[in-house]
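Here's the structure, in structure tokens; my notes come after.
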Amino acid sequence: MAGLSIAQLLQVLLEHFGPQNWWPAETPFEVCVGAVLTQNTTWENASRAVGNLKKANLLTPEALSSTDEGELQNLIKPAGFFRQKARYLKELSRFVVREGGIEGLKAQPLKVLRPKLLNVKGIGPETADSILLYALDKPSFVVDKYTKRLLYRLGVLEGESVSYNRVKTLVEGEIPPTEEHLKEYKELHALIVELCKRYCKTRPNCRECPLRELCYNQHNP
Ligand code: SF4
């Protein structure tokens, strides 16, 4: 890997921003719901939809799986793609109920759980890994568009359009997916999002970025 290691990246970001203590939710099931609602939209929009579900007392797998789909669509409108996401939420909540709830899921090993989650309609790798990491406390690193952008600009990746698994394998190759690295995985993803929202935007603000001394893009604009 060129120059910077993933461990160094985590250290610099932690020193600059401090721990992020993600995910912003009151229960593990709320994390699952938020992970679906934030697909293709901002966290702010997803959060408004989560708030509506909370007010309607629908943030349990049992309540969500048995609620009327039309009512659900109305409540989650702020998150966009509401018909599709209502269907996905119904599928996910039925899956959680079938598997014995959050505790039933937590009791299963990561290598069994991940393929099961990926089989649920509407759950792709990023959503599955968000649920695994932040709702179920399984060490599965989450890759998103920010991760690809940042690692490309840092000179770690050969392009931004590399596959999800390429990035996941690279990070997990350096910081192995074991229990002892759970907290690091949680922080690393959250800190990358924070850095990219504040500095490494589409048009980067390199002058104020905490990574400017280590960044390939900064030295080769
Ligand atoms: S120095 Fe610039 S390109 Fe590099 S990580 Fe920071 S904002 Fe992004």
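The values are calculated or read from the model by the stated rules, or taken from the named source; none is laboratory data. Predicted model only: the values in this text are computed from it and were never measured. FYI the Cβ positions are ideal-geometry reconstructions off the backbone, even for glycines, and counts take in every protein chain you see. For the accessible areas, the whole protein counts, side chains as well, though only heavy atoms, and no ligand, DNA or RNA atoms are used. Shrake-Rupley method; radii C 1.70, N 1.55, O 1.52, S 1.80 Å.
Site pair residue 77 and residue 197 shows an inter-label distance of 2.6 nm when each label is modelled 7 Å from Cα along Cα→Cβ. When 208, 126 are compared by accessible surface with a 1.4 Å probe, the order from highest to lowest is 208, 126. Find how many whole Å separate the alpha carbon centroid of region 21-60 from the alpha carbon centroid of region 95-161. So the separation of the two Cα centres works out to 16 Å. Within the set of other residues whose C-beta is less than 14 Å from the C-beta of residue 217, count the net charge using Lys and Arg as +1 and Asp and Glu as -1. For residues surrounding residue 217, the net value is +4.
Taken about its Cα centre, the chain carries a charge dipole of about 720 debye when Lys and Arg each add +1 at the Cβ and Asp and Glu each add -1 at the Cβ. Largest accessible area first, the listed residues 202, 178, 127 line up as 202, 178, 127 when surface is computed with a 1.4 Å probe on the assembled protein chains.
Estimated from helices alone, the mean residue ellipticity of the chain at 222 nm is -16500 deg cm²/dmol (sum of -39500 (n - 2.57) over DSSP H runs with n ≥ 4, per residue). Residue 42 sits with roughly 70 Å² accessible to a 1.4 Å probe, with DNA, RNA and ligands left out of the calculation. Note down the net charge around residue 153, summing +1 for each Lys or Arg and -1 for each Asp or Glu among other residues with Cβ under 13 Å from its Cβ. So the surrounding residues net to +4.
Each label point was placed 7 Å from the Cα along the Cα-to-Cβ direction; for residue 7 and residue 158 their separation is 2.6 nm.
Average accessible surface for the chain: 49 Å² per residue, computed with a 1.4 Å probe over protein heavy atoms with every protein chain in place. Among the listed pairs 106/186; 55/145; 106/201, a Cα-Cα separation exceeding 28 Å is found for 55/145; 106/201.
Mean separation of Cα pairs under 8 Å and 6 or more residues apart, divided by the residue count, gives region 61-150 a relative contact order of 22 percent.
When the solvent-accessible area of the chain is split by element, carbon and sulfur atoms take up 49 percent of it, the probe being 1.4 Å.
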